[in-house]
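Asker: This is the structure I have questions about; it appears just below.
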Amino acid sequence: MKVPVVPNVPLFWIAFALTRPLGATAGDFLTKPVAKGGLDLGTAGSSAVLLAVLFGLVTYAHVQDRRAPGPRSAEREHVTQRAE
C-alpha cells in the first residue's frame, strides 16, 4: 500500500474548504430569481439538477474505470475467477 504524500485529514479539510464556496455559488445560481441572474429552479429543482450531475459524474467515472486496463481490472478478473 502506498503512503499518500498528503495525510488524509489535511487533504479532507483542504478539499472541504475549496469546494464549499463553489457549492454555495452553484446553489445560489440555481435558486436565485432570473431577474437577479439565477435560474429560479427552487430548492427541488436545484436538488434534481445537482443529483443528475452527481449521477452523471459517477457513471462517467465508472465507465472510465471499466475501460482502463490496470491493477483494478486485474483484481476484478482475479476475484471473478476465484468465485467460479
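Asker: Looking at region 14-21, is at least one residue surrounded by 11 or more Cβ atoms within 10 Å (Cβ to Cβ) and at pLDDT below 90?
Answerer: Within region 14-21 (the criterion being surrounded by 11 or more Cβ atoms within 10 Å (Cβ to Cβ) and at pLDDT below 90), the answer is no, since none of the residues qualifies.
Asker: To continue, here is another question. Quick check: is even one residue across region 23-35 surrounded by 10 or more Cβ atoms within 10 Å (Cβ to Cβ), modelled with pLDDT under 95 and among the basic types (Lys, Arg)?
Answerer: no
Asker: Scanning region 40-68 for residues that are within 22 Å of the chain's Cα centre (by Cα) and in a loop (DSSP other than H, G, I, E, B), which turns out modelled with the highest pLDDT?
Answerer: Leu41
Asker: Note down all Cβ pairs under 9 Å where the first residue falls in region 37-51 and is in contact (Cβ under 8 Å) with a residue 12 or more places away in the chain and closer than 11 Å to Ala26 by Cα, the second is surrounded by 14 or more Cβ atoms within 10 Å (Cβ to Cβ) and among the polar types (S, T, N, Q), and they're at least six residues apart or on different chains.
Answerer: Within 9 Å, the pairs are Ser46/Thr31.
The values are calculated or read from the model by the stated rules, or taken from the named source; none is laboratory data. Quick caveat, the model's predicted, so the values are computed rather than measured. Virtual Cβ from ideal backbone geometry, glycine too; neighbours counted across all protein chains shown.
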